[in-house]
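A quick write-up on the structure given underneath.
The values are calculated or read from the model by the stated rules, or taken from the named source; none is laboratory data. None of the values given here were measured: they were computed from a predicted structure. Glycine also receives a Cβ, built like all others from the backbone with ideal geometry; neighbour counts cover every protein chain displayed.
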Amino acid sequence: MSEPKVVLDEDDIRRTLVRIAHEVVEKNSGRPVALVGIHRRGAHLATRLHQLVCDLLDTEVPLGDIDIAFYRDDISKRAVDPAVHATNLSFRLEDYTVVLVDDVLYTGRTVRAAIEALFDYGRPARVQLAVLADRGHRELPIRPDYVGKNLPTARSERVNVRVREVDGTDEVIITELEEAYT
């Protein structure tokens, strides 16, 4: 088995989030924007991105997080029950361009579930997508508006994002599927 390959380290992730924050502010100039992280690691990345966007705009923007456990289309095929987290959307979605934030974009099914969950809470003015890593292999016609890093991968590989809030370190690594952790 091959060694895991680190494709983004802590400094890379910090710089990437700063760049994405600038892109969000530039693309939404003059329009109210809110950030919503997809549980689990996407919510932590959204919190960091939120601080950067607020600093750039010199004002507070809404931040929320969303749980998609019961919106997944593979829930009946999973070996274990889904981990359920609280959803926090304490602002009126209709008033904002909502930037969904996730760690890795792969098939697009997580994003589809997040959009479905989001619309159960209201209808945002627009929805945009920011991901730390886009690994390709889409099964649905979903394309991110903001990408930290494009990572061409084989289906036999897995992209693992570690964030200090959950894993004690910040890094993005590619592993062979047998070596991947959950």
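Restricting to the stretch 20-42, count the residues that are in contact (Cβ under 8 Å) with a residue 24 or more places away in the chain and in a helix (DSSP H, G or I).
Our first condition is that a residue be in contact (Cβ under 8 Å) with a residue 24 or more places away in the chain; within the stretch 20-42, this holds for 20-25, 27-28, 31-42.
With the extra rule that they be in a helix (DSSP H, G or I), the set shrinks to 20-25, 27, 41-42.
Residues flagged as in contact (Cβ under 8 Å) with a residue 24 or more places away in the chain and in a helix (DSSP H, G or I) within the stretch 20-42 amount to 9.
Identify all residues within the stretch 84-100 that are among the aliphatic types (A, V, I, L, M) and assigned to a strand (DSSP E or B); write none if there are none.
From the stretch 84-100, those among the aliphatic types (A, V, I, L, M) are 84, 86, 89, 93, 98-100; that's our starting set.
The answer is VAL98, VAL99, LEU100.
Considering only the stretch 76-89, state which residues are surrounded by fewer than 16 Cβ atoms within 10 Å (Cβ to Cβ) and either at pLDDT 75 or above or within 16 Å of GLU139 (Cβ to Cβ) (or both).
Restricting attention to the stretch 76-89, the residues satisfying the condition of being surrounded by fewer than 16 Cβ atoms within 10 Å (Cβ to Cβ) are 76-86, 88.
Once the filter is applied, which keeps residues that are surrounded by fewer than 16 Cβ atoms within 10 Å (Cβ to Cβ) and either at pLDDT 75 or above or within 16 Å of GLU139 (Cβ to Cβ) (or both), the stretch 76-89 yields LYS77, ALA86, ASN88.
Please identify the pairs in which a residue from the stretch 161-175 that is closer than 17 Å to GLY148 by Cβ has its Cβ atom under 6 Å from the Cβ atom of a residue that is hydroxyl-bearing (Ser, Thr, Tyr), counting only partners at least 6 apart or on another chain.
Between residues of the stretch 161-175 that are closer than 17 Å to GLY148 by Cβ and residues that are hydroxyl-bearing (Ser, Thr, Tyr), the close pairs are ARG162/THR169.
Table: residues versus (1) closer than 16 Å to ILE68 by Cβ; (2) in a loop (DSSP other than H, G, I, E, B); (3) modelled with pLDDT of 95 or more; (4) out of contact with any strand residue (DSSP E or B) (no Cβ under 8 Å at 6 or more places or on another chain).
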residue: VAL127; (1), (2), (3), (4): yes, no, yes, no
residue: VAL147; (1), (2), (3), (4): no, no, yes, no
residue: PRO152; (1), (2), (3), (4): no, yes, no, yes
residue: VAL161; (1), (2), (3), (4): no, no, yes, no
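Does the stretch 132-145 contain any residue that is surrounded by 19 or more Cβ atoms within 10 Å (Cβ to Cβ), touching a strand residue (DSSP E or B) at 6+ places or on another chain (Cβ under 9 Å) and either over 18 Å from LEU17 (Cα atoms) or at pLDDT below 95 (or both)?
No: the stretch 132-145 contains no residue that is surrounded by 19 or more Cβ atoms within 10 Å (Cβ to Cβ), touching a strand residue (DSSP E or B) at 6+ places or on another chain (Cβ under 9 Å) and either over 18 Å from LEU17 (Cα atoms) or at pLDDT below 95 (or both).
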